[in-house]
Amino acid sequence: MIDSYSILIIEDEKNILDFMARTLRSNGYKTITSETGQSGLSIINSQCPDLILLDLGLPDMDGNDIISSVRKWTSCPIIVISARAGEQDKVAALDLGADDYITKPFGTSELLARIRTSLRHSNRMASNSPLFIRPYKCQGLMLDFEKRMVTLDGKEIHLTPVEYKIVAYLSKNSGKVMTYASVMENVWGPFTDSNNRILRVNMANIRRKIERNPSQPQFLFTEVGVGYRMCEDENEM
Amino acid sequence: MKHTAPTTTLESRTLWHNIVSTIIILAIATILAFSFFHITQSDPANIALIYILALIIIARITTGYFFGIISAFFCVIFINWCFTYPYFKVSFAISGYPVTFVFLLTISMIVSTLTTRLKKQDKMILDRERAINEADKERIRANLLRAISHDLRTPLTSIIGSSDSFTENYAALSDQEKLDLVSSINEDSHWLLNMVENLLSITRIQGDTGRVRKEDELVEEVVSEAITRIKKRIPDIEIHVTAPDNILIIPMDPLLIEQVLMNLIENAFVHSETNRPVELQISEESDTLTFHVIDYGKGIDEQTIPLILKGEYHVPKTSDTHRGMGIGLSICNTIVQAHGGQISAHNHAHGAEFLFTLPKGDI
């Protein structure tokens with residue numbers, strides 16, 4: 001592969017850094033590594049990687065500062081690596097502009113899947129291809145953005161306007177986790193209440209309409225304390 | 001050094017409290033005595049009774065002897081000054097007055113002594129109870145630590161052994177053997193991770209109050225995430241969920257309840273020794289929600305369950321050390337209790353059932 005993607009890994013634990021770099025290289029990515037935030041930032045500025053894997057707990061600077069300073073000038077996808085207990089940190093990082101997160105410890109397949117999704121999304125943004133208005137399809141669920149229609153196994157599902165807005169927003173960003181705040185802002189506008197109860201209730205209703213088994217969902221996944229993730233669009237797999 | 005300042009403020013606060021309450025009670029007694037004296041024009045004996053009552057109250061609510069005795073002096077002189085002839089003059093010449101004086105003083109001293117002793121005893125009892133509580137907590141913590149170290153050692157031994165034999169005998173091992181070694185390392189590290197996550201979850205419970213930070217959560221989201229995570233770890237597990245159709249939103253710490261569900265479901269799968277699906281039933285009562293985890297396996301020993309839940313159960317030496325069911329369950333118990341709920345377990349006709357409740361409203 002001549003034109004393989006370059007991925008920058010910023011992580012202070014040497015063992016984890018080595019393991020990730022080895023995995024990514026053996027899967028055909030070019031890797032650049034950095035053990036500190038400072039050198040990571042200068043690599044981003046000089047080499048413009050295609051994707052950044054960023055550990056939030058760096059010794060020399062706050063991971064969130066890196067995200068906000070990178071977001072000032074590039075939309076290069078950032079995947080945050082964080083510890084399990086800190087939902088607040090994840091939400092903060094996502095709201096600052098990180099694209100996705102992965103929780104330590106993670107398996108290689110999970111890591112690769114997240115990277116693929118994020119790269120695909122960034123490509124789509126860059127090329128502005130007609131993909132965006134192609135219907136969303138996943139395991140029998142279809143969402144036609146032009147007709148504003150949702151069908152499951154060919155049968156039409158009636159959603160209220162608000163429910164449709166939520167589903168449309170999530171499926172346009174399928175595969176990525178969307179925080180409560182970002183869904184609220186997109187559906188109800190920027191000046192909504194910070195209480196997300198109304199979103200939860202709407203989601204519960206949507207799940208009852210779309211999911212074949214609401215307690216073991218196939219399409220709409222909850223990341224408790226963070227937000228929602230919609231099953232990846234089959235068109236893009 | 002750090003403690004000096006708060007203690008002095010505390011002392012000055014009790015001092016002020018004592019002075020103020022003494023003055024208030026004496027004032028009330030005086031007002032009562034005056035109105036009594038004017039309405040009935042009776043002799044000062046009844047007035048002395050009013051003051052005796054006031055003295056008893058003062059001795060009860062102030063600390064130490066000092067205020068009781070001061071008040072006794074005040075009463076004696078005040079009665080003399082106001083309520084006995086000659087009015088508004090202090091005179092010790094009235095017949096029997098020295099007797100009243102001595103009596104009032106003695107009563108006040110005795111009551112002060114008694115109440116002071118009573119207060120000391122109350123404090124001692126409280127202190128002793130606190131010490132017993134503390135010792136109890138300490139014992140549970142020590143038990144947990146002992147069980148954890150024992151449980152952690154087993155997978156670590158296997159990980160260290162497998163990786164050692166991998167590096168030392170690399171050339172001699174067949175590909176299959178290498179694969180086996182690495183997958184057993186992988187399996188054991190997953191088990192360790194599970195244990196660590198359980199332990200971490202306990203740190204989310206606030207130490208001193210034993211309470212958790214609750215937020216309104218949709219029950220089905222917590223349940224579905226628990227199931228998704230457990231399926232990631234045990235792909236062939238089958239779980240049937242039945243829940244009420246309405247939308248259930250109750251206050252909880254979602255990560256902790258997820259941990260409880262995962263522990264119970266995993267226990268049901270591992271310890272029932274059967275392939276029949278695990279059932280998760282959610283039922284709604286007037287002010288609680290109950291989660292039932294039901295398996296169709298060999299059942300449980302009902303005698304040991306309360307001990308396991310309390311974290312007092314010691315694994316018999318013969319039982320297989322894998323899979324310390326004890327820690328997981330005692331952590332479930334801690335979490336559910338911190339939410340103000342109850343956890344229990346019993347056998348049904350074809351297996352075991354673990355159930356826990358969560359209150360619907362905030363408590």
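Bear in mind these aren't lab numbers, they're just calculated from the coordinates by the rules spelled out. Every value quoted in this text rests on a predicted model; they were computed, and no experiment measured them. Here the Cβ is made from the backbone with ideal geometry for all residues, glycine too, and neighbour counts use every protein chain on show.
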Quick one: of A:Lys14/A:Lys137; A:Lys165/B:Lys360; A:Lys104/B:Lys231, which pairs are farther than 29 Å apart, Cα to Cα?
A:Lys14/A:Lys137; A:Lys165/B:Lys360
Neighbourhood charge, 14 Å Cβ-Cβ cut-off, centred on A:Leu199 and excluding it, Lys, Arg +1 and Asp, Glu -1
-4
Given an 8 Å cut-off on Cα distances and at least 6 residues of separation, report the relative contact order of chain A as a percent.
14
Partner chain coverage, peptide B:241-252 - average Cβ within 10 angstrom
2
Please compute P(r) over all alpha-carbon pairs of the protein assembly as shown, binned at 20 Å starting from zero, and give each bin as a whole-number percent.
15, 36, 24, 14, 9, 1, 0
Relative contact order for chain B using alpha-carbon pairs under 8 Å, separation at least 6, rounded to a whole percent?
12
Of B:Ile234, B:Ile265, B:Ile282, which has the largest mean-square fluctuation in a 10 Å C-alpha GNM of chain B?
B:Ile234
From phi via Karplus (6.51, -1.76, 1.60), per-residue ³J(HN,Hα) for the range A:31-42 in Hz, x at Gly/Pro
10, 10, 10, 8, 9, 10, x, 4, 5, x, 4, 5
Compare the Cα positions of A:Gly175, A:Ile206, B:Ala131 along the charge dipole of the protein assembly as shown (+1 at Cβ of Lys, Arg; -1 at Cβ of Asp, Glu; about the Cα centre) and return the one farthest towards the positive end.
B:Ala131
Given only helices, namely DSSP H runs of n ≥ 4 each adding -39500 (n - 2.57), what is the per-residue ellipticity at 222 nm of chain B, to the nearest 500 deg cm²/dmol?
-21500 deg cm²/dmol
In degrees, nearest 10, the alpha-carbon axis of helix B:66-78 is tilted away from the dominant principal axis of the alpha carbons of chain B by 30
Gaussian network model of chain A, springs between alpha carbon atoms under 10 Å - residue of A:Phe221, A:Phe191, A:Phe106 with greatest fluctuation:
A:Phe191
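Report, in debye and to the nearest 20, how large the dipole of the protein assembly as shown comes out about its Cα centre when Lys and Arg carry +1 and Asp and Glu carry -1 on their Cβ. Numbers along the way, then the final one.
Values: 58 positive and 72 negative charges, 392 e Å.
Taking the Cα centre of the protein assembly as shown as origin, the dipole is about 1880 debye.
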Can you show me the helix-derived [θ] at 222 nm for chain A, built from DSSP H runs with n ≥ 4 at -39,500 (n - 2.57) apiece and divided by the number of residues, rounded to the nearest 500.
-13000 deg cm²/dmol
Over the range B:208-302, relative contact order from alpha-carbon pairs under 8 Å, at least 6 apart, %
29
Along the positive direction of the dipole of chain B (beta-carbon charges: Lys, Arg +1; Asp, Glu -1; about the Cα centre), which of B:His190, B:Thr357, B:Gln337 reaches farthest?
B:Gln337
Around B:Val111: net Lys/Arg minus Asp/Glu count, Cβ-Cβ under 14 Å
+3
Any trypsin sites (Lys or Arg not before Pro) in the range A:145-237 that lie in a DSSP loop and have at most 16 other Cβ atoms within 10 Å would be A:Lys147, A:Arg148, A:Arg212
Using only Cα positions of chain B, each an equal point scatterer, no hydration layer, compute I(q)/I(0) via Debye at q = 0.07 Å⁻¹ and quote the log10 values to two decimals.
-0.57
Can you bin the range B:217-256 into rounded, prolate or oblate? Criterion: square roots of the alpha carbon gyration tensor eigenvalues sorted a ≥ b ≥ c, rounded for a/c under 1.5, prolate for a/b above b/c, oblate for the rest.
oblate
For chain A, take the longest principal axis of its alpha carbons; what is the angle in degrees between that and the long axis of helix A:197-210, to the nearest 10 within 0 to 90?
70
Ranked list, fewest to most other Cβ atoms within 10 Å of each Cβ, for B:Met195, A:Met20, A:Met230, A:Met149:
A:Met149, B:Met195, A:Met20, A:Met230
Taking the Cβ-Cβ separation of B:Asn347 and B:Ile234 as r and a Förster radius of 22 Å, what is the calculated FRET efficiency to the nearest 0.05?
0.40
Fewest-first sequence of A:Ser34, B:Ser163, B:Ser112 by Cβ atoms within 10 Å of each Cβ:
B:Ser163, A:Ser34, B:Ser112
Going by average Cβ neighbours within 10 Å, how do the peptides B:17-25, B:51-59, A:68-76 rank, with the highest at the top?
B:51-59, B:17-25, A:68-76
Please find, in a Gaussian network model of chain B (springs between Cα atoms separated by less than 10 Å), the residue of B:Leu26, B:Leu156, B:Leu256 whose mean-square fluctuation is greatest.
B:Leu26
Taking Cα atoms only, helix B:44-61 is inclined relative to the longest principal axis of chain B by an angle, in degrees rounded to 10, of 30
Picking from A:Ala21, A:Ser122, B:Leu114, whose Cα lies most toward the positive end of the charge dipole for the protein assembly as shown (charges on Cβ: Lys, Arg +1; Asp, Glu -1)?
B:Leu114
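Dipole size in debye (nearest 20) for chain B around its Cα centre, Lys and Arg Cβ +1, Asp and Glu Cβ -1? Numbers along the way, then the final one.
Numbers: 30 positive and 42 negative charges, 578 e Å.
It comes to approximately 2780 debye.
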Inter-chain shielding of A:214-222 (mean C-beta neighbours from other protein chains, 10 Å cut-off):
6
Test item: B:217-229 mean partner chain Cβ contacts at 10 Å
6
